[in-house]
């Protein structure tokens with residue numbers, strides 16, 4: 001690409017030396033590309049700003065393509081085969097289709113989760129008969145939920161206790177692997193995005209504590225009524241909270257959230273967990289959703305509550321809801 005930019009620049013500069021006119025889109029794009037590159041170099045030396053790379057440098061690619069096309073257009077006006085300068089640009093979309101990889105990224109690899117990890121977890125959930133508790137780094141929470149949605153399922157990651165949570169599954173980066181693998185085994189990996197999928201060696205031992213139904217509406221207020229969680233048990237053991245309900249709203253777009261708060265004796269919130277249900281869909285017409293959350297043991301908890309929130313107070317209704325609370329045995 002640098003060769004084509006160089007040739008295109010020479011063509012446009014030659015055209016300028018003949019006409020002595022600083023006009024035309026080609027000269028403008030050439031000046032923009034050169035000045036932008038010079039500015040990057042000056043910023044790197046003056047304030048140690050990193051050079052643009054990957055997606056932060058896409059503007060340079062677009063300018064280079066535009067420059068090459070405009071130069072080929074000027075060359076074709078004087079030479080019948082001038083269009084050949086732009087012919088190699090046809091290779092770019094073909095190369096993108098051949099080498100395109102939707103499962104990995106160069107930067108922030110923990111945010112690009114392979115499809116086969118989703119298939120592993122879906123198979124595990126069939127064995128467990130419930131959603132799997134997935135622990136991972138906090139930056140991978142939304143990508144995991146969206147990846148599940150892309151495959152026609154649903155799921156949420158839990159990063160509050162990472163990497164020591166009561167998880168069924170862990171998605172770890174190489175730097176966290178040693179800490180995350182205690183009690184787990186690696187079943188898959190993605191070397192290019194440095195991710196590892198780990199499954200618990202010994203399944204969690206659970207005991208039922210609470211099974212309740214609910215129905216809430218969020219209208220004028222931002223939040224629904226609250227459901228009290230068994231705080232006495234929470235002071236001595238970790239809990240798993242499974243929630244499911246049907247959600248309906250007449251609004252085009254809503255942002256419903258499930259929230260779990262742990263509050264101490266002073267009234268301060270010492271634990272706050274939010275599940276963004278909008279990762280599943282933007283519009284709700286009575287579809288059923290489900291999720292599972294690990295609530296860590298808290299010796300100083302005075303109360304623990306679960307409720308639903310819509311920050312813009314857009315009306316929505318949760319019906320036929322069910323909440324299961326299970327204690328995790330040591």
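The values are calculated or read from the model by the stated rules, or taken from the named source; none is laboratory data. As the structure is a prediction and not an experimental result, all values here were calculated from the model. Backbone-built Cβ (ideal geometry, glycine too); neighbour counts: all protein chains shown.
Checking the condition closer than 26 Å to residue 325 by Cβ and out of contact with any strand residue (DSSP E or B) (no Cβ under 9 Å at 6 or more places or on another chain), which residue from 203, 163 passes?
203
On the given criteria, is residue 209 farther than 21 Å from residue 158 by Cα and modelled with pLDDT under 95?
Taking the combined requirement at face value, the residue does not satisfy it.
For residue 203, all conditions in the list (1) at pLDDT below 90; (2) touching a helix residue (DSSP H, G or I) at 6+ places or on another chain (Cβ under 9 Å); (3) surrounded by fewer than 21 Cβ atoms within 10 Å (Cβ to Cβ) hold save one; what is the number of the exception?
So residue 203 meets the others, but not (1).
Hey, among the residues in the range 129-146 that are out of contact with any helix residue (DSSP H, G or I) (no Cβ under 7 Å at 6 or more places or on another chain) and within 17 Å of residue 185 (Cα to Cα), which one's surrounded by the fewest Cβ atoms within 10 Å (Cβ to Cβ)?
133
May I ask you to list the residues in the range 147-162 that are under 14 Å from residue 240 (Cα atoms) and crowded, with 21+ Cβ neighbours inside 10 Å?
Correct list: 156, 157, 158.
Take the range 207-244 and flag every residue that is touching a strand residue (DSSP E or B) at 6+ places or on another chain (Cβ under 8 Å) and part of a helix (DSSP H, G or I).
231, 233, 234, listed by residue number.
Residue 203 is checked against (1) touching a residue at least 40 places away in the same chain (Cβ under 8 Å); (2) closer than 30 Å to residue 315 by Cβ; (3) not in a strand (DSSP E or B) and fails just one. What number does that condition carry?
(2) is the only condition that residue 203 fails.
Can you pull out the residues in the range 151-190 that are over 25 Å from residue 234 (Cβ atoms), assigned to a loop (DSSP other than H, G, I, E, B) and in contact with a helix residue (DSSP H, G or I) (Cβ under 9 Å, 6 or more places away or on another chain)?
151, 153, 154
Given the structure, is residue 270 free of Cβ contacts under 8 Å to residues at least 40 places away in the same chain and either over 27 Å from residue 169 (Cβ atoms) or not assigned by TED's automatic domain parsing to the domain that holds residue 142 (or both)?
Yes, satisfied.
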